[in-house]
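Working notes, structure below.
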Amino acid sequence: MQAPKVAVVILNWNGLKYLRDFLPSVLASTWPNLEVVVGDNGSSDGSIAFVRTVYPSITIIENNDNYGFTGGYNRVLAKVEADYYILLNSDVEVEPGWIEPVIAQMESDELIAAAAPKIKSFLQKDYFEHAGAAGGFIDKYGYPFCRGRIFFDIEADTGQYEQAGEIFWASGAAMFIKKKCWDLAGGFDESFFAHMEEIDLCWRLKNMGYKVVYCPQSQVYHVGGGTLNAENPFKTYLNFRNNLLLLKNNLPFWKAFWVITIRFFMDLLALTRFLMEGKRKDAWAVSRAHQNFVRKIFSPKDRKSASQKEAQSSIKHLNSQTQTGTYSRSIVWDFFVGKKNKFTDLEQRDLHY
């Protein structure tokens with residue numbers, strides 16, 4: 001029996017350095033039925049000429065502009081045929097057998113739509129990496145965090161998170177997803193542009209009754225911050241704006257109204273903190289995020305595709321599947337006030353996984 005076809009799809013935007021450094025590890029993958037695709041978002045650094053010359057076996061799909069992470073992937077994946085997609089950042093190093101355990105786990109259950117490997121730091125290989133770590137979770141107010149990383153505190157990997165199982169979201173830095181589930185959900189919501197779009201996709205899939213899982217037998221090494229570093233005000237804007245979009249898209253109306261109201265006040269505290277730290281551009285980014293979100297609520301324009309609208313018509317409920325990977329307390333309170341900076345410090349009875 002032939003192995004399922006897997007397409008590793010790397011979205012590139014002026015990432016010549018990363019393609020040069022990390023494509024060799026991807027091409028050394030041992031999965032027998034594999035296609036490696038580089039999708040390009042209108043790069044101007046010669047990266048596509050490099051791939052075409054040095055790695056002629058790689059499939060190249062070129063977009064005519066930079067459509068962000070969301071629009072870029074939506075356009076590229078529409079042209080890729082495979083049973084499984086692996087969305088992989090260009091700044092990720094992989095191990096030869098990284099694909100096999102994840103596909104085996106996903107093949108074992110028809111309801112598994114997406115999966116995450118263990119994501120560790122390329123720069124400190126005994127530590128987890130910010131974007132995903134050992135699987136994504138979310139608290140009662142919509143704040144995402146990970147096993148191995150809460151806010152800016154990152155744990156060393158000492159083997160404490162070796163149990164495979166369900167999570168809430170898989171990082172877009174290295175996300176495995178069944179093509180049929182990608183198509184059913186309608187891909188990424190392009191309103192996000194970049195950041196938290198993978199959480200939105202996973203939440204939509206969970207609301208449709210599917211599962212998202214973590215596979216520790218596969219591990220990858222992520223540089224992180226390759227496009228927008230943590231100090232970039234545009235990233236601050238996207239994180240605050242997109243977190244509110246996430247809640248609006250996936251919670252029932254009245255629950256979303258209640259949670260978003262609370263979040264506005266919590267975000268204002270963050271804005272005040274930025275001002276006190278002299279980070280005026282970040283404070284302004286939070287204000288702009290709120291303004292843009294309010295405009296989107298009342299805007300008649302809707303960028304969702306027909307398939308996304310159809311998928312979202314079925315998510316205005318909370319089923320037991322949606323609860324898996326959630327934390328029924330405030331991670332902000334527990335981290336900043338309760339000084340619980342590790343996943344194992346959290347109230348385990350309030351974690352659903």
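Where a number appears in this text, it was derived from the coordinates with a stated rule and is not lab data. Keep in mind it's a predicted model, so treat the numbers as computed, not measured. With ideal geometry, Cβ positions are generated from the backbone for all residues, glycine too; neighbour counts draw on all protein chains shown.
Between P56, F168, P24, the Cα set farthest toward the positive side of the dipole of the chain (charges on each charged residue's Cβ, about the Cα centre) is that of F168.
Work through the residues other than T326 whose Cβ is under 12 Å from its Cβ and net out their charges, Lys, Arg +1 and Asp, Glu -1.
Values: positive: K140, K206, R329; negative: D139, E166, D350.
Around T326, the surrounding residues sum to 0.
Here's how it looks for K140: its modeled amide H is under 5 Å from those of Y327, R329, I331, which are all 5 or more places away or on a different chain.
At a Förster distance of 22 Å, what's the computed FRET efficiency of Q2 paired with K79, Cβ-Cβ distance as r, to 0.05? Don't jump to the answer; show the numbers that get you there.
Values: r = 22 Å, r/R0 = 1.01.
After rounding to 0.05, the efficiency reads 0.50.
3J(HN,Hα) along the range 25-31, derived from phi through the Karplus expression 6.51 cos²θ - 1.76 cosθ + 1.60 where θ = phi - 60°, amounts to 5, 5, 5, 8, 4, 9, 5 Hz, with x in place of Gly and Pro. Calculate log10 I(q)/I(0) of the chain for q = 0.06, 0.07, 0.12, 0.13 Å⁻¹, where I(q) comes from the Debye formula with a single equal point scatterer on each Cα and nothing for solvent. So the normalised log intensities are -0.20, -0.27, -0.86, -1.03.
Give, in nm to one decimal, the length gained when the segment between S44 and Q160 is fully stretched (0.36 nm per residue of separation minus the Cα-Cα distance). Kindly include the intermediate steps, with their values, before the conclusion.
Values: separation 116, 0.36 × 116 = 41.76 nm, distance 4.28 nm.
Between S44 and Q160, full extension yields an extra 37.5 nm.
Over the Cα atoms of the range 89-238, what is the Rg over Rh ratio if Rh follows Kirkwood? Working shown, then result.
Values: Rg = 14.6 Å, Rh = 15.5 Å.
So for the range 89-238, dividing Rg by the Kirkwood Rh gives 0.94.
Could you give the size of the charge dipole of the chain about its Cα centre, using +1 on the Cβ of each K and R and -1 on the Cβ of each D and E, expressed in debye and rounded to the nearest 20? Please report the intermediate quantities before stating the final value.
Values: 40 positive and 39 negative charges, 273 e Å.
It comes to approximately 1320 debye.
Among the trypsin sites (Lys or Arg not before Pro) in the range 1-93, those located in a DSSP loop and surrounded by at most 14 other Cβ atoms within 10 Å of their own Cβ are K79.
Quick check: residue separation of E347 and E107 times 0.36 nm, minus the Cα distance between them. What number comes out in nm?
Values: separation 240, 0.36 × 240 = 86.40 nm, distance 3.24 nm.
So the extension gain works out to 83.2 nm.
Would you tally the net charge around H222, using a Cβ to Cβ cut-off of less than 9 Å, leaving H222 out, and scoring K and R as +1, D and E as -1?
Details: positive: K120; negative: D91, E93, E129.
Spelling it out: positives minus negatives among the neighbours equals -2.
List the pairs from K140/K248; K120/K178; K178/K211; K118/K235 whose alpha-carbon separation is above 19 Å, in the order I gave them.
Working: K140/K248 14 Å; K120/K178 23 Å; K178/K211 11 Å; K118/K235 24 Å.
In this structure, K120/K178; K118/K235 exceed 19 Å between Cα atoms.
In plain terms, if you count all Cα to Cα distances in the range 248-295 and split them into 10 Å steps from zero, the share in each step is 26, 46, 23, 5 percent.
Computed 3J(HN,Hα) for the range 90-100, one whole-Hz value per residue from the Karplus formula 6.51 cos²θ - 1.76 cosθ + 1.60 where θ = phi - 60°, is 5, 9, 10, 9, 10, 9, x, x, 6, 7, 3, glycine and proline marked x.
Loop only by DSSP, 13 or fewer other Cβ within 10 Å of the Cβ. Give me the GluC sites (Glu not before Pro) in the range 129-233 that pass, ordered by residue number. Intermediate values should be presented prior to the final figure.
Working: sites: E129, E155, E162, E166, E190, E197, E198, E231; in loops: E129, E155, E162, E231.
Answer in residue order: E162, E231.
Helical runs (DSSP H, four residues minimum) scored at -39500 (n - 2.57) apiece and divided by the length of the chain put the mean residue ellipticity at 222 nm at -11500 deg cm²/dmol.
Distant-in-sequence amide contacts of C146, defined by a placed amide H-H separation under 5 Å and a gap of 5 or more residues or a different chain, comprise F137, F151. Label-to-label distance, T53 versus N232, with points set 7 angstrom from Cα along the beta-carbon direction: 2.7 nm.
Sites listed here are trypsin sites (Lys or Arg not before Pro) in the range 87-179 whose DSSP assignment is loop and whose Cβ has at most 14 other Cβ atoms within 10 Å: K125, K140.
Between amide H atoms placed 1.01 Å from N, distances below 5 Å from G165 occur with Y214, all of them 5 or more places distant or on a separate chain. Taking θ as phi - 60° and the Karplus parameters 6.51, -1.76 and 1.60, the scalar couplings of the range 160-167 work out to 7, 10, 9, 8, 5, x, 6, 9 Hz in sequence order, x denoting glycine and proline.
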